[in-house]
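See below for the structure under consideration.
Rule-based calculations on the coordinates, nothing more; no lab input. Just so it is clear, the model here is predicted, and its values are computed rather than measured. Ideal geometry is used to build each Cβ from the backbone, glycine not excepted, and the neighbour counts take in all protein chains shown.
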Amino acid sequence: MDERLEKTRAWVQSTVIGLGLCPFADKVSRSGRLRYEISEATGVEDQLKAAVDSLISLSEASREETETTLLVFPHASGEFPEFLDFVETVRNLARQLGLHGVIQTVPFHPGFHFKGTPPELPENYTNRSPFPMLHLLREQSISELPLTEEELLQIPVRNATRLRELGLKKILETYRLNS
């Protein structure tokens, strides 16, 4: 098995599911409806093509087959600001494809940090991953969660609080499990 795929799966299990950061990741993962894709693209144009292909593939797949996709870019630029520019371009392409409101594009990156925060804060680990990646998430999946709109909006706040409570040392121990 591809080492990058193994590392990404381990991160999902130990961090996303293990730390309870996503309310439906465990169910989707256990059901086999979480698609993992590794893009070998090295340039931005080819990476954008891979993202468009994944968006279309997810939109055309049945939910019984694929509920959500993690598209991993091991060859993406290591710089987080550049990756955010890439993500915004992917979101614009999704709009052009008529997928706005159908599929969300959520960024994950080894250097992820929220705007205006120092990179070393624990809450930045809510979207830190072993590789740059996009989580392509069906909007319908979110709307079907047994949560109110207010509870949905509180997920990022809850995750940040949880990670602050765990502390950087514990978070880094969890991440080392994936190395």
Checklist entry - Which distance in Å, rounded to a whole number, links the C-alpha centroids of region 93-125 and region 1-53? => result 14 Å
Checklist entry - By how many nm would the segment from residue 26 to residue 44 lengthen if fully extended, with 0.36 nm per residue of separation less the alpha-carbon distance? => result 3.3 nm
Checklist entry - Toward the positive end of the charge dipole of the chain, about the Cα centre and with charges on Cβ (Lys, Arg +1; Asp, Glu -1), which of 103, 44, 34 goes farthest? => result 34
Next on the checklist: Starting from 0.36 nm per residue, how many nanometres of slack lie between residue 161 and residue 100 once their C-alpha separation is accounted for?
Outcome noted: 19.0 nm
Checklist entry - Which of the GluC sites (Glu not before Pro) found in region 112-164 are in a DSSP loop and have at most 14 neighbouring Cβ atoms, other than their own, within 10 Å? => result 120, 144
Checklist entry - With charges only on Cβ, +1 for K and R and -1 for D and E, what is the dipole size of region 86-179 about its Cα centre, in debye, rounded to 20? => result 340 debye
Checklist entry - So what is the relative contact order for the chain, in percent, with contacts set as C-alpha pairs under 8 Å and at least six apart? => result 25 percent
Item to check | GluC sites (Glu not before Pro) within region 20-89: DSSP coil, no more than 14 neighbouring Cβ in 10 Å | outcome: 40, 64, 65, 79
Checklist entry - Nearest 20 debye, what's the magnitude of the dipole of the chain about its Cα centre given +1 on Lys and Arg Cβ and -1 on Asp and Glu Cβ? => result 540 debye
Item to check | Cα→Cβ-extended label distance, 7 Å offset, between residue 92 and residue 6, nm | outcome: 4.0 nm
Item to check | Residue exposure sequence - 157, 90 - by fewest surrounding Cβ within 10 Å | outcome: 157, 90
Item to check | Residue among 78, 116, 101 with the largest mean-square fluctuation in a Gaussian network model of the chain, springs linking Cα atoms under 10 Å | outcome: 116
Item to check | Which label in (1) 56, 32, 28; (2) 41, 38, 36; (3) 48, 32, 29 gives the computed Cα extents along the principal axes in Å | outcome: (2)
Checklist entry - If all Cα-Cα distances of region 36-92 are sorted into 5 Å bins from 0 onward, what percent lands in each bin, rounded to whole numbers? => result 4, 18, 28, 26, 13, 8, 3, 0
Checklist entry - In nm, to one decimal, how far is the modelled label at residue 151 from the one at residue 85, with both set 7 Å along Cα→Cβ? => result 4.1 nm
Next on the checklist: If R₀ is 35 angstrom, what is the calculated FRET efficiency for the pair residue 52 and residue 168, using the beta carbon separation as r and rounding to 0.05?
Outcome noted: 0.45
